[in-house]
Structure formats: C-alpha cells, structure tokens
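Just below is one structure, and these are the notes that go with it.
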Amino acid sequence: MPKKTDPNKSLLDGFSEPDREQISQALAIIAQIPDDPDYGRPKGFEVAAILTDFHVDLKTTLAAILSDPRLNTLKPRPDIAGRFGATVDALVNDVNWLNKLSVYTPEMTHQPNQTETLRRMLLSMTHDVRAVLIKLAYRVKRLRGLAGEAEEVRHFIARETLDIYAPIANRMGIHQFKWELEDLAFRYLEPQVYKSIAKSLADKRVERERCVSHFIAQLHAALNEEGITADVYGRPKHIYSIWKKMQKKRLGIEELYDLLAVRVIVNNLTQCYTVLGLVHSLWQTIPKEFDDYIANPKENGYQSLHTVILDGDGNRIEVQIRTRAMHEFAEMGVAAHWSYKEGGKHNAAVEKNIASLRKLLEEKDSDETLAEDFKTELFSDRVYVLTPAGKLIDLVKGSTPLDFAYAIHTEIGHRCRGAKVNGRITPLTYVLKSGEQVEILTAKEGGPNHNWIDPNLGYLKSPHAIARVRSWFKNQQMAQNIATGKAILDKEAQRLGVKLANLNELTKHFKQPDKDKLYEAIGRGDITSRQVAAFFKIPELEEAPFIRIQQKKPAAKSAVTVDGIDQVLTSFAHCCSPVQGDEIIGYISHKKGIIVHRRNCENILQLSPEKQAQLIPVEWGGDKSYYSVPIIIHAQSAKDLLNQVTQVLAYSKIHISNAALNTHPDFSADLNLTIQIENIDQLSQVLTRISCLPNIVEVKRKQTG
C-alpha cells in the first residue's frame with residue numbers, strides 16, 4: 001500500500017464541502033498539539049490517510065484523526081461530542097481503548113484458544129466495528145515505522161499482529177490490511193527467511209509475469225472465439241502466505257506450483273463449466289488437483305472451480321473459475337477470508353456485520369440507520385474475563401463469579417466462597433462484564449450450596465456449572481444425602497410453619513420407593529425445596545382468597561396454556577416435577593401430547609438440536625387468587641430492615657397488607673408482616689430471598705391460633 005505524499009490534501013478528496021469543513025476543524029485541533037520530533041508512534045491524520053484507500057465515511061475519518069494519542073496532552077481536552085457528535089466521540093473512545101489494551105502476552109502463541117478468545121473479546125467490547133477498522137490502520141502504520149524500534153519491541157508487536165490483528169482483518173474481509181499486516185510482521189519475526197523469499201520472487205518476477213501474461217492472452221483468445229466475456233487476471237501471492245504453504249507442504253519455493261495463479265470471473269454458471277472445458281482442452285491438466293466446489297460447495301457456502309494445468313514450458317498454473325456472484329460472496333470475508341481460511345463455522349451475525357462493514361466502506365454517504373445497525377453483535381451472547389494471571393476465560397453472557405470459578409476448574413467452583421472483581425469484593429451473584437479481572441476466594445474444604453442451583457437466586461448461569469453442582473450432590477455418600485435431605489425437609493416445614501408432612505404421602509407423591517430414598521433425592525437436589533414446599537398445605541391457603549380475579553362466565557381452566565390456547569392435552573414430566581411458579585417449557589411427544597418440563601430440567605438442556613425443534617412455549621393457566629399469610633422476620637438490627645424487606649417483596653411483586661416492627665434491648669428486631677401470595681411455592685421463594693439478606697437471623701410463616 002503506497003504512502004501518501006500529502007495526507008491532509010488526500011483526506012478531503014471525495015467529500016462534500018460541509019464534510020470538508022468538519023475534517024478541516026478536526027485537523028485544526030490536531031495542529032494545536034506541540035510538535036515533538038522524537039514522537040515515533042502513529043498520528044491520527046496519518047491513520048486517516050491510510051483509510052482513504054477504503055473510501056470510508058465522514059465519521060470514520062473524523063474518529064481516526066481525533067483518536068490521536070497526543071490529543072490527551074491538550075488542556076482543556078476538546079469537546080469531541082459537542083463539536084462532532086456522539087457517534088464520533090464513541091468511536092474515538094473505542095479506538096483509544098483498543099490502543100491502550102495490554103492483555104496480549106507472547107505465551108498466547110502456544111495457546112490458540114487464548115488468541116481466539118482475545119479476538120472475540122476485542123470485537124465484543126467494541127461498540128462500533130468501524131473502531132476496529134481504525135485500530136487496524138493504526139497497527140499498519142505502527143508496523144511501517146517499526147524498523148527503528150528495539151528488537152524486543154519489534155518481535156512483540158509483530159507476534160501480536162500475527163496472532164490477533166491479522167486474523168481480525170482476515171475475519172472482517174479487509175484483505176489489503178490482512179496481507180500487509182502479515183507480510184510486515186513476518187519481515188520482523190523472520191527477517192532472513194523474508195529476504196530469501198522476496199529475493200526468489202524478485203529474481204523470477206519477469207519470468208513469472210511473462211508466463212502468466214502468455215497464458216491469459218491464449219485464454220482470452222479462446223474465450224473470444226466462444227463469445228464469452230470474462231475478467232481474467234493473475235493473483236499475486238504474498239510472502240507470508242508463500243512461507244505458510246512451504247511449511248505446510250514441506251517444499252522449497254521453487255517447488256510451489258501455485259505461485260502462478262489466475263482467476264477467471266464470468267457472468268453465469270454455464271460459462272463456468274464452458275471455461276473449464278476450454279482450459280482442459282488447451283492445456284494438460286493434473287487430475288488430482290481438480291476440485292468442483294460449485295457442485296459440492298464447502299461447508300461455509302464457498303463456490304468455485306479449481307484446477308491446475310501445465311503450460312507449454314511445464315509451468316504449473318492454478319486456475320480458479322467462478323461467477324461474479326460467487327466471487328462477491330467469497331470476497332465478502334465470510335467464505336474466503338474467514339471460514340474458508342480459518343476453518344471456522346458459519347455465523348449469521350458475522351455475515352451481517354461484515355456485509356454492513358463493506359457497505360459502510362463503499363458508500364461515502366452512509367445513512368445513520370446503517371451505522372446504527374452496525375453496532376457489534378458478533379459475540380453479544382458472550383463475556384470475556386481475565387484470571388489474575390491474565391488468562392482469558394470465555395463465558396456465556398450473564399455469568400457470575402461462580403460460573404467463572406467452575407470454568408477454571410470444577411474443584412475451584414465447589415470450594416468457592418467469595419470473589420473479587422477488579423480487586424473489589426463482590427457477591428457471587430454479580431453479573432460479569434467483558435474485560436473484568438476475577439479472583440476466586442476458596443475454602444480448603446467443603447462443597448456447593450443448594451441455593452446455587454436455584455434458578456431464581458441467580459448464582460449460576462452456565463448449564464455446565466449447574467450440571468457440575470448437581471453431579472456433586474448426586475455423588476455424595478448416601479448417609480450424608482439422607483441427613484441433608486431430612487434437614488432440608490425439617491427446615492422447610494419449620495419455615496412454612498406447618499407440621500412435618502405425612503412421609504408416606506410425600507414419598508408416594510415424588511414416586512420414591514421409601515422415605516430414605518426420598519431424603520436422599522432431596523439431599524442430592526433431585527427434588528428441590530420449592531417442590532417440597534408445593535406439597536405442604538397451610539391454613540391460610542385453605543381459606544377463601546383475599547383477592548380473586550374472575551371472568552364474567554367462569555370456565556374450567558387447564559393447568560397450563562400452550563401458545564395462549566387453553567384445553568390442550570398436557571402432562572407433567574416426572575423427571576423435574578414442575579410446580580406453579582416454575583419457568584416451564586413444553587415438549588411435543590408423539591404419544592402423550594405436550595409434556596411440561598421446568599426450563600432448567602437437565603433432560604431439556606441436553607436435547608439434541610433436532611429434538612429442540614419439538615419444544616413449544618407454555619405458561620401457567622387459570623385465574624389468580626391471592627391469600628393473606630402472616631410471616632415473622634427475626635433480624636440482628638432494626639436499621640434499614642423494613643426498607644430492605646420491602647424491596648425484596650416489591651421485586652417479587654408481592655403486596656403487603658400489614659406491617660409491625662418491634663425492637664428489643666439488645667438492638668435486635670422482629671418484623672411482622674402480612675403478605676398477599678398466590679400459592680405456597682411463591683411463599684417459599686420469598687422466604688428464601690428474605691433469608692439471604694445480610695441482617696436476617698430467621699424468617700418463617702407465623703402460625704396463628
């Protein structure tokens with residue numbers, strides 16, 4: 001890519017007069033920065049000049065100029081948002097963040113999953129991918145001026161470029177950057193090999209060009225006789241790609257036949273095969289080197305005909321034949337420059353973003369709607385966090401420090417008792433954000449808490465981590481599980497203020513062979529405390545409801561509705577025994593109609609992609625009834641007690657009809673409330689949430705009479 005001789009002038013080319021005025025204002029701001037002859041890093045206007053080859057829009061040009069690192073030396077710092085708009089300001093902030101990022105370490109070279117995770121993190125944390133385009137231009141400029149740096153600096157930047165930035169350029173379909181980044185980085189990493197390949201190419205350049213030109217002239221003549229119009233041109237090979245091919249095939253440069261490569265672009269599918277027939281009739285072919293990716297497209301959709309021929313002098317020439325539509329698809333960066341080259345999987349979100357990027361690059365007057373659509377969605381369902389040692393961990397969006405602990409190691413998860421995020425203590429339910437550093441605090445011994453697998457409490461998001469916790473409980477010794485289950489059952493009965501349930505009825509209800517197996521299932525977590533609570537009966541729920549919503553013409557209601565339709569044949573799954581209030585999903589079976597499961601049921605989470613198509617939305621049906629239930633809360637202190645409890649109840653959408661606070665000489669307090677609930681499951685949930693408050697000693701239903 002040639003350097004610009006007059007960057008300021010070229011920055012204005014192709015823009016309207018109002019746009020030129022804004023660019024001139026940005027350049028005037030940069031001109032205020034005191035000149036430092038020793039400053040060797042890329043400057044904003046130099047980066048913007050590089051981007052003129054891509055015909056970028058006004059906002060990208062302004063952001064490139066104003067992301068100059070030297071701008072921070074100006075006092076006061078210019079109001080970019082006020083003068084150039086929020087989009088430019090956000091782009092500048094993203095570029096500054098990318099320029100300051102220092103997560104990469106040379107050790108990542110030997111950990112491919114780490115380099116890929118870092119690439120994904122960069123794309124996920126950048127609000128507008130045009131900022132990544134500007135960052136790539138910064139890196140190109142940095143590499144062009146790297147010769148004067150110390151060898152250690154050259155090696156670090158070159159290695160980081162090959163591991164992180166060249167693959168990102170490749171992924172985004174920005175081929176010009178990809179090739180220059182790879183060749184410049186390779187030049188600093190392997191200077192002798194680079195010079196050797198460059199010399200071999202230079203020595204044979206005239207011969208190679210003559211050979212390709214002669215082949216193209218012959219092919220053009222044959223195409224003209226057939227009345228076919230086509231673009232035929234030689235494909236340049238870059239030094240780094242040549243070296244990679246030499247390493248892969250263990251061949252010397254003189255043995256690489258595809259240094260000579262020609263591409264033929266035609267108008268339609270029929271012409272592809274006509275041209276192939278002409279090539280095979282005029283030159284000797286190498287059968288084993290023929291691939292028909294039109295009849296048999298690659299997994300990512302890439303289509304083209306590949307063949308290798310021998311010309312009259314015995315030179316091997318690779319020929320690719322494709323339609324303009326196939327060529328456009330390949331050049332968009334989805335097939336040829338991501339999935340095809342890197343072996344990744346097809347991704348609709350990536351295709352959408354790459355297509356949008358290409359459109360933004362090609363259209364000067366891109367509208368705001370397109371720019372808004374181009375917010376980074378590539379990996380919006382993931383978060384990327386760091387260990388204290390700097391290792392990147394890829395987690396599902398919504399993950400907590402506890403999910404992070406299980407991602408590090410199952411045993412770390414089991415013994416996790418606390419966490420620090422960016423050096424500060426946080427709850428285990430804290431939702432992590434990309435770029436944060438997480439440190440896990442562990443106990444020497446111990447295991448998970450039953451609350452961790454309650455989806456309503458928010459400890460775990462990852463199905464993997466939830467499965468590890470369930471597995472831990474299942475693998476505990478029978479006696480311990482029986483003791484734990486009995487304690488949970490006793491505690492739930494005491495908290496709800498009821499006599500211990502008839503064990504025979506409870507055992508029968510949960511289809512267990514005896515009471516020990518019942519205790520064991522509760523202790524392992526197979527039967528949750530919420531399911532147990534749903535079995536109990538309390539006097540208040542046997543009385544008339546406090547509020548009842550009725551239809552004018554009462555009608556029998558199903559327990560659940562399917563897509564809003566009542567009276568559909570349904571049954572409840574025995575594996576997870578859903579109760580009123582659980583988040584549920586329906587599974588369409590061939591014999592039993594729709595089987596209702598809890599959404600976090602292991603059998604649902606482990607369904608194959610084919611069987612997931614049989615899932616259908618369902619929800620609890622029937623009219624809502626509300627019952628008055630008194631509860632008592634024992635707390636260490638009365639300070640802020642009522643406020644904290646009412647916040648929990650408001651979050652749970654539970655109404656309070658009566659409240660009384662009593663304090664004691666030792667500063668402890670009792671808070672008596674009467675709350676309106678729909679069912680015993682909801683009561684159990686809210687008692688659990690209140691018990692998790694830091695000031696609470698005990699919370700339970702208050703027995704009356």
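In the range 206-224, the residues that are small (Gly, Ala, Ser) reach residues that are in a helix (DSSP H, G or I) with C-beta atoms within less than 9 angstrom, at least six apart or across chains, in these pairs: ALA222/VAL275; ALA222/LEU278; ALA222/VAL279; ALA222/SER281; ALA222/LEU282.
The number of residues in the range 488-536 being more than 45 Å from the chain's Cα centre (by Cα) and under 25 Å from PRO630 (Cβ atoms) comes to 6.
One residue alone among VAL438, VAL431 is under 19 Å from ILE393 (Cα atoms) and surrounded by 19 or more Cβ atoms within 10 Å (Cβ to Cβ), and that residue is VAL438.
For the residues GLU209, GLU182, the requirement of being at pLDDT 90 or above and under 25 Å from HIS327 (Cα atoms) singles out GLU182.
Within the range 210-248, the set of residues being β-branched (Val, Ile, Thr) and part of a helix (DSSP H, G or I) comprises VAL212, ILE216, ILE239, ILE242. If the condition is being at pLDDT 90 or above and either closer than 26 Å to SER652 by Cα or of a type in the set (Val, Ile, Thr) (or both), then the range 428-460 contributes LEU428, THR429, TYR430, VAL431, LEU432, VAL438, ILE440, THR442, PRO448, TRP452, TYR459, LEU460.
Determine whether LEU98 is at pLDDT 85 or above and closer than 27 Å to HIS55 by Cβ. No, not satisfied.
Whether a residue is over 41 Å from the mean Cα position of the chain (by Cα) and in contact (Cβ under 8 Å) with a residue 60 or more places away in the chain was assessed, and LYS639 does not pass this test. If we keep just the residues of the range 642-687 that are assigned to a loop (DSSP other than H, G, I, E, B), in contact (Cβ under 8 Å) with a residue 24 or more places away in the chain and not polar (S, T, N, Q), which is surrounded by the fewest Cβ atoms within 10 Å (Cβ to Cβ)? For the range 642-687, the residue satisfying everything is PHE667. Across the range 609-636, the qualifying residues are those that are among the aromatic types (Phe, Trp, Tyr) and more than 40 Å from the chain's Cα centre (by Cα), and the one among them that is surrounded by the most Cβ atoms within 10 Å (Cβ to Cβ) is TYR627. When the test is whether a residue is touching a Leu at 6+ places or on another chain (Cβ under 9 Å), at pLDDT 90 or above, of a type outside the set (Lys, Arg) and surrounded by 17 or more Cβ atoms within 10 Å (Cβ to Cβ), ALA371 does not pass it. May I ask you to list the residues in the range 14-51 that are farther than 24 Å from GLY145 by Cβ and either modelled with pLDDT under 80 or not in a helix (DSSP H, G or I) (or both)? Of everything in the range 14-51, those that are farther than 24 Å from GLY145 by Cβ and either modelled with pLDDT under 80 or not in a helix (DSSP H, G or I) (or both) turn out to be GLY14, PHE15, SER16. Here is the figure for the range 574-599: residues that are of a type outside the set (A, V, I, L, M), closer than 20 Å to SER529 by Cβ, crowded, with 19+ Cβ neighbours inside 10 Å and modelled with pLDDT of 80 or more total 2.
Note on the range 381-493: enclosed strands (runs of 3 or more DSSP E) holding 1 or more residues that are over 29 Å from ILE522 (Cα atoms), in contact (Cβ under 8 Å) with a residue 60 or more places away in the chain and out of contact with any Gly (no Cβ under 9 Å at 6 or more places or on another chain) are 382-386, 392-396. Among the conditions (1) out of contact with any Pro (no Cβ under 9 Å at 6 or more places or on another chain); (2) loosely packed, with under 13 Cβ neighbours inside 10 Å; (3) of a type outside the set (Val, Ile, Thr), the only one that HIS55 does not satisfy is (2).
I'm checking my understanding of the structure. Among residues of the range 227-272 that are at pLDDT 90 or above and loosely packed, with under 15 Cβ neighbours inside 10 Å, which one is farthest from ASN170 (Cα to Cα)? Residue satisfying both the conditions and the ranking: GLY227.
With respect to the conditions (1) in contact (Cβ under 8 Å) with a residue 12 or more places away in the chain; (2) out of contact with any Gly (no Cβ under 6 Å at 6 or more places or on another chain), GLN606 falls short on a single one, namely (1).
Looking at this structure, is LYS178 surrounded by fewer than 19 Cβ atoms within 10 Å (Cβ to Cβ) and part of a helix (DSSP H, G or I)? No: the conditions fail for LYS178. Within the range 416-428, the residues that satisfy the criterion of being surrounded by fewer than 15 Cβ atoms within 10 Å (Cβ to Cβ) and either among the hydrophobic types (A, V, I, L, M, F, W, C) or within 14 Å of LEU386 (Cα to Cα) (or both) are ASN422, GLY423, ILE425.
Residues VAL88, VAL95: which one is of a type in the set (A, V, I, L, M, F, W, C), under 24 Å from LEU181 (Cα atoms) and in a helix (DSSP H, G or I)? Every option except VAL95 fails the conditions.
Scanning the range 484-495 for residues being in contact with a helix residue (DSSP H, G or I) (Cβ under 7 Å, 6 or more places away or on another chain) and either surrounded by fewer than 17 Cβ atoms within 10 Å (Cβ to Cβ) or of a type outside the set (Val, Ile, Thr) (or both) gives a total of 5. Selection of the range 494-539 for residues being at pLDDT 85 or above, among the basic types (Lys, Arg) and not in a helix (DSSP H, G or I) yields only LYS511.
Just one of the listed residues (ASP394, ASP365, ASP403) is under 30 Å from ASP57 (Cα atoms) and either at pLDDT 55 or above or of a type in the set (D, E, K, R) (or both), and it is ASP365.
The values are calculated or read from the model by the stated rules, or taken from the named source; none is laboratory data. Since the structure is predicted, the reported quantities are computational estimates derived from the model, not experimental observations. In this analysis, Cβ positions are derived from the backbone assuming ideal geometry, glycine residues included, and neighbour counts consider all displayed protein chains.
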